[in-house]
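Only one structure is covered here, and it is reproduced in the block below.
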Amino acid sequence: MARAARFRQWDGSQTLPELEADEIMDALADDLMAEGDISGALRRLMERGWHSGDPTRQDMRGLQDLIERLRQQRQELLDRYKLGDVLSDVRRQLDEIVGTERHGIERRLDEASAPARPADSGSKGPSSSEKAPPPNAQLRSMLRDMAARRLDQLDALPSEVGGRIRGLQEYDFLEPEARDRFNELVSKLQRQVLDQYVSGLSEAIKGITPEDLAANREMVRDLNRLLQERLAGGEPDASEFLEKHGRFFPGAQNLDDVIEQLAERMAAMQSLLRSMTAEQRAELQSMVDALLRDDRLRWDLAQLAATLDELLPGGLGERFRFGGDEPLGLDGALQQMARLQAMEGMETQLESIGAPGDLADVDRAKLEELVDKDAVRDLEALDDLARRLEEAGYLTRDGERLELTPRGSRRIGQKVLDDLFARLRRDAFGGHRANRAGRGGERDETTKPYEFGDPFHLELNRTLWNALSRDENREAAHDGRPIRLAPPDFEVFRTEELTSASTVLLVDMSRSMLLRGCFVAAKKVAVALNTLIRTQFPRDHLSVIGFAYYAREIRPEALAELSWHGYEYGTNLQHGLMLARRILARHRAGNREIVVITDGEPTAHFEQGQVEFNYPPTRRTIQETLREVQRCTREGITINTFMLERSRSLAEFVALITRLNRGRAFYASPEHLGEYVLVDFVSRRTRKVS
C-alpha cells in the first residue's frame, strides 16, 4: 500500500482510479453475509460509500455524504438571510409612486395658478390668434377642487401594503408616470405571487372581465373537485380537466402531474407564510387578496391550498427559521423558499432510494444547482456500481431485480474464506496433522530418501549433493568425468496424502441463532467451506442443510444470499441428521462426516410424519435424535459438533453424541467459529507421508 501521496487543488483534469468490480464485491461481502440480499447490500454500499484506505485513490462518497452536503447548504442559507420586512421594497415603491403622483398634482396647480406672461413684441413667436387664452377663474377653481380631492385620497391611503394597493387600484391617476409605475408594480407582484398558485394566473387576470373571472373560478373549482375526490380515496380522471384548462399546467398528462406542479409552486408561498410572524403574514395575505381582485376566486384558491395541504403526505410547505443578517425582499424570499423546498425534495428523494435503479430518476442538473458538480460526479459513480458488477459477470438482472451469478457467489465465498484464513495464526495448522503414512497427494517442501513406491518428485539438488558426497564421484568431478548415480543418492519431496471426503454441514437456523448473533457466523462458515472445497479439494462433496422446525437442503450457489427465516422456531436436529445420512448414502468417499453448528439442544423431532415441538426439550425428542445419531454411527458417518453456547444442557447432550458416535465436540464463539471449522477440516484432509 502506498505510504505517501502528493496533493494539489482539483482542476478537473485529474483522472481518478476507477473502483474495480472485485473491490465492489469485497465491499459487499460482509453485508451480503448478514442480510442475504444483493440489492439491499448494494443499496447500503451506495448509502455509506467506499473508503479506499489508499492515499493515492479518492474515496467514493455515498448518498449519506450527499445528503449531509445538502443539509449544510440549507443551513448556510438559513444562517445567511433573515425574514424581516419582506414587503419593505414593495412599500418603498408604493411610497415613490404616491410621491410622484402628489408632485404631479402640485405641479399642475402651480401651472394653473401662474399669471400669463405678456407677449414679447421683439420675438418671432406665434401670431396673436395662436396664443393660449387667458386663465379662466372658474377652470382654476375646478382644478384646485379636483387636486384637493386627489390629495385627500392619497392622504387617506392605508399604511399596510394590501390596503394601499386596493386604494390605488380604485384611484384615478393624474400623473402618467405614476400610473405606469403602479401598473408595472402590480404586474410584477402578480407574477411573483399569483403564479405561485397556478402557472399563468397572473396573465389570466390581466385586463380582467367578468367572463375571465368566471373561467378562472371554474378552473379552480374543477381542480378542487378532483383533489377532493383523490382525498376521499378515489382515482379521478383528469383528462377532461386538462383538455379545458391544460394551459395552466404545461406538460401535465394526469392528475399526479397536476398535483406535482401545484405542490412545487405553492410550497414556496406556504413556507413563506408559515415562516413569518402573524403581523407579517396578515400583511402579505392582504396584498395577495388585493392582487386577486375577486373575493370568490380568493376563497376558491384558499380552499385549493387547504385541500392540497391535506392531500400531500408531508403537508404543503414547512416553516423555516432564518437566523442571518442579510434581509430578504419578497422576490428574494420566494426564491430562497423555493430553493429550500427543492433541497428538502432532493433530500427526501435521496433518502427514499430503495434500489440501484432509482438513481437514474435523480435530476442531475438540479443536484448540481443545489450542491455542486462534485455531487453529480459522485452520484454518477454510485450509479455505475451495478453496471460494473453486471459487466464483470457477478450480477445478472431479472427485470428490475438484481441477482448474484455463480461467479459472484464464488467471489463472495473467496472473500469470506480469505478473511477467515487471514485471522489464523501462522502455525494454526501445525498441531492438527495426522502422522499416518500414505501415498500420493500434494507435494511438501521437505525431502526424504527415495523408497520403492514413492511418487518420483525428484529433488535434484539434494540428489546431486548425495552423489558428490561419495568418494568415487569426488575424483570424477575433479577430472571432468561423468558422475555416477546410485539408488541411495536419490532424494524426493515428501507428499501429503489427500483423502476424499463427503461432508454435510448442518446449520442451526432457529430463532435463537439470530438473537445470539450466531447466524451470520454460521453462514460465513458454510460459504467459506464451500469455497475451500471447490477450489482446493474439487474431488470432495459438500452439502449444506439448514434446520429449525424442519430441515431442508440448501444449494451451495444460494448460500451467499441465504437469509434467516425469523418466524421458524424449534431445533429439529433429528430431521437434519436424517437428511444428511440419506445424502451421504449416495457418496462412497473414504471419509464421510457431518458437521453440526448449533447453539442449543434439540426441541423438535419427526414422529409419524408430523413435527413434534416442545420447549423445554422432552426426553422423547432427545431419544429420537440420539437414535438418528446411532444410525449415522452404524453407517460409518462421523459427527463433529461445534457448540456456540456453553449451557449445561447443550454440553450434556453433545457429550452423549460424542460417546455414541466417537466424533468430536468443540466450543467456539461466533467470532472464531470459522477458524475452528476450517482448521479442523483441513487438518483431517491431509496426512504426511513418512
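The values are calculated or read from the model by the stated rules, or taken from the named source; none is laboratory data. Owing to the predicted nature of the structure, the values given are computational and were not obtained by experimental measurement. We place every Cβ from the backbone using ideal geometry, glycine too, and count neighbours over all the protein chains shown.
Determine if the stretch 268-290 includes at least one residue that is assigned to a loop (DSSP other than H, G, I, E, B) and either under 19 Å from residue 191 (Cα atoms) or touching a Ser or Thr at 6+ places or on another chain (Cβ under 8 Å) (or both).
No: zero hits.
Checking residue 180 against (1) in a loop (DSSP other than H, G, I, E, B); (2) at pLDDT 85 or above; (3) loosely packed, with under 14 Cβ neighbours inside 10 Å: exactly one of these is not met. Which one?
Residue 180 satisfies all of (1) in a loop (DSSP other than H, G, I, E, B); (2) at pLDDT 85 or above; (3) loosely packed, with under 14 Cβ neighbours inside 10 Å except (1).
Yes/no matrix, rows are residues, columns are (1) over 30 Å from residue 221 (Cα atoms); (2) touching a residue at least 60 places away in the same chain (Cβ under 8 Å); (3) in contact with a Gly (Cβ under 8 Å, 6 or more places away or on another chain):
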| position | (1), (2), (3) |
| --- | --- |
| 299 | no, no, no |
| 307 | no, yes, no |
| 315 | no, no, no |
| 325 | yes, yes, no |
| 328 | yes, yes, yes |
| 332 | yes, yes, no |
| 338 | no, yes, no |
| 349 | yes, no, no |
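Hey, among the residues in the stretch 638-690 that are in a strand (DSSP E or B) and at pLDDT 80 or above, which one's surrounded by the fewest Cβ atoms within 10 Å (Cβ to Cβ)?
Going through the qualifying residues, I end up with 638.
Could you identify the single residue in 312, 340, 328 that is closer than 30 Å to residue 87 by Cβ, hydrophobic (A, V, I, L, M, F, W, C) and at pLDDT below 80?
312
Search the stretch 96-111 for residues that are of a type in the set (Val, Ile, Thr) and pair each with any residue that is assigned to a helix (DSSP H, G or I) when their beta-carbon atoms are under 6 Å apart and the residues are at least 6 apart or on different chains.
Partner pairs satisfying both residue conditions: 97/178; 97/181; 97/182; 98/154; 100/177; 100/178; 105/147; 105/150.
Of 213, 231, 226, 255, which residue is under 23 Å from residue 270 (Cβ atoms) and at pLDDT below 85?
Being under 23 Å from residue 270 (Cβ atoms) and at pLDDT below 85 holds for just one of 213, 231, 226, 255, which is 231.
Look at the stretch 79-106 and say how many of its residues are farther than 27 Å from residue 166 by Cβ and either part of a helix (DSSP H, G or I) or not charged (D, E, K, R) (or both).
3
In the stretch 595-635, what residues are over 30 Å from residue 541 (Cβ atoms) and free of Cβ contacts under 8 Å to residues at least 12 places away in the same chain?
Once the filter is applied, which keeps residues that are over 30 Å from residue 541 (Cβ atoms) and free of Cβ contacts under 8 Å to residues at least 12 places away in the same chain, the stretch 595-635 yields 608, 610, 612, 614, 618, 619, 623.
From (1) of a type outside the set (Asp, Glu); (2) modelled with pLDDT of 85 or more; (3) outside the structural domain of residue 368 (by TED's automatic domain parsing), pick out the condition that doesn't hold for residue 10.
Answer for residue 10: the failing condition is (2).
With respect to residue 400, determine if the residue is modelled with pLDDT under 80, under 19 Å from the mean Cα position of the chain (by Cα) and not assigned by TED's automatic domain parsing to the domain that holds residue 562.
yes
Return only the number of the condition from (1) touching a Pro at 6+ places or on another chain (Cβ under 6 Å); (2) at pLDDT below 80 that residue 42 does not satisfy.
(2)
Consider the stretch 475-495. How many of its residues are at pLDDT below 75 and under 18 Å from residue 455 (Cβ atoms)?
Summing the residues that are at pLDDT below 75 and under 18 Å from residue 455 (Cβ atoms) in the stretch 475-495 gives 2.
Could you list, in sequence order, the residues of the stretch 512-568 that are in a helix (DSSP H, G or I), polar (S, T, N, Q) and modelled with pLDDT under 70?
None; the set is empty.
Yes/no matrix, rows are residues, columns are (1) modelled with pLDDT under 90; (2) assigned by TED's automatic domain parsing to the domain that holds residue 154; (3) of a type in the set (S, T, N, Q); (4) part of a helix (DSSP H, G or I):
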position: 74; (1), (2), (3), (4): yes, no, no, yes
position: 77; (1), (2), (3), (4): yes, no, no, yes
position: 108; (1), (2), (3), (4): yes, yes, no, yes
position: 120; (1), (2), (3), (4): yes, no, no, no
position: 126; (1), (2), (3), (4): yes, no, no, no
position: 129; (1), (2), (3), (4): yes, no, yes, yes
